[in-house]
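Everything on this sheet refers to the single structure shown next.
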Amino acid sequence: MVDRNGSTLAEIDLGLPGHFSGKVRESWILPEGRRVLVTTDRLSAFDRVIGLVEHKGQVLNQLAAWWFDRTSSIVQNHVIEVPDPNVLIARDVTPLPVEVIMRSRLTGSTDTSMLPKYLAGERKLYGYDMPEGLTPHCALPDLMLTPTTKAQDGGHDTPVTVAEVADSGIVAPDVWAEVCKVARSLFEFGIATAEAAGLILADTKYEFGLDASNNLVLIDEVHTADSSRYWLAEGLEDRLAQGQGPENFDKEPLRLALREAGYSGDGQIPTLSEQTWKDVSNRYVFLYEALTGTSFVPGQRPIADRIKKSMAAYTG
Ligand SMILES: Nc1ncnc2c1ncn2[C@@H]1O[C@H](COP(=O)(O)OP(=O)(O)O)[C@@H](O)[C@H]1O
Ligand SMILES: [Mg+2]
């Protein structure tokens, strides 16, 4: 991974216990049931880390914080405080073993996505009967909830149906019923909020956990460009009518660039142009500004040094 001009955060070591390194976040345990989550500038696609994107970590952390704040009347969340642009102090909870994906559009470019499957003639997707006559990227007849079981240690997530989660008992029935209800409410709120900003929230992923008293808690990130597909609303119908794809403000352009370079998840990751990386960065920043209605202000650099200073009170 190339750190262009010291302007990105690839990794960081806070020297705290219970270190966990995800594809995008580094996290550690703090006393009193807390967890620190540092969002790096790593970009993952096809379940692999592909490279570094300037401003991405800060955008994700601050945009998630913005959404957590706005959705707190729908469901409680893990946020305690944001001591630094790239850092979240969260309540440490037990994550549910399933992730919840909500979809409003028939889309996707990877083999396991809905659109390629539908175009290949599949009419039963994620347990749902799909009608004939749907066109690429069209609005789905109803919002769809499609769970996946969480991959362990670098594996791929496995799709399951709503009924399979209920039947398997991996999530208690009352908890699962609440998850389904809350995910729909969050997604409806997300769609309406995005629409007001001229954007379409095509799909998104939620992670939930249970606190010590078994309360449902929204964790990880919410409605960010990493966990969601966002499209520009203006001109969408024209683009689709001309057989073009939507204008994306998420990881999709990167996936498409990789695919164009012949990559679909296996083997050597191709080198992408500086312009492609810059473009991805600009899109993350654009999305933040469009949704929050505020200008993005980059935090001080070097990022790792700044974070360590912000965390001094916690690391002792
Ligand atoms: N409040 C929380 N309590 C416990 N675990 C959490 C919390 N919030 C997020 N996590 C977990 O921390 C990890 C975040 O790192 P990330 O890089 O996003 O991981 P991944 O590679 O699984 O996407 C995820 O595994 C997520 O489930
Ligand atoms: Mg994640």
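The values are calculated or read from the model by the stated rules, or taken from the named source; none is laboratory data. Just so it is clear, the model here is predicted, and its values are computed rather than measured. Every residue, glycine as well, gets a Cβ built from its backbone with ideal geometry; the counts of neighbours run over all protein chains shown. Surface areas here come from the heavy atoms of the whole protein model, side chains and all, with no ligands, DNA or RNA. Shrake-Rupley method; radii C 1.70, N 1.55, O 1.52, S 1.80 Å.
Restricted to segment 62-150, the set of strands (runs of 3 or more DSSP E) holding at least 3 residues that are open to solvent by 20 Å² or more (accessible area, probe 1.4 Å), under 26 Å from L254 (Cα atoms) and of a type in the set (V, I, T) is empty. Of all residues in segment 157-206, those being open to solvent by 50 Å² or more (accessible area, probe 1.4 Å), under 23 Å from L63 (Cβ atoms) and not aromatic (F, W, Y) number 6. Applying a threshold of 9 Å to beta carbon distances and a minimum spacing of six or more residues, or different chains, the list of pairs starting in segment 44-56 at a residue that is over 23 Å from P298 (Cα atoms) and ending at one that is in a helix (DSSP H, G or I) reads A45/L254; A45/R255; A45/L258; F46/R255; F46/L258. Scanning segment 19-34 for residues that are in contact (Cβ under 8 Å) with a residue 12 or more places away in the chain and more than 14 Å from ligand 2 (Cβ to nearest atom) yields a count of 5.
Selection within segment 27-54: residues that are surrounded by fewer than 20 Cβ atoms within 10 Å (Cβ to Cβ) and acidic (D, E). The member of this set that is farthest from E11 (Cα to Cα) is E32. Among residues of segment 183-206 that are over 17 Å from L106 (Cα atoms), those with a Cβ under 6 angstrom from a residue that is open to solvent by less than 10 Å² (accessible area, probe 1.4 Å) and outside any helix (DSSP H, G or I), sequence gap 6+ or separate chain, pair up as A183/V100; A183/M102; A183/Y206; L186/T71; G190/L201; G190/H223; A194/L201; Y206/V100.
In this entry, L232 is excluded by the filter for residues that are surrounded by fewer than 16 Cβ atoms within 10 Å (Cβ to Cβ) and touching a residue at least 24 places away in the same chain (Cβ under 8 Å).
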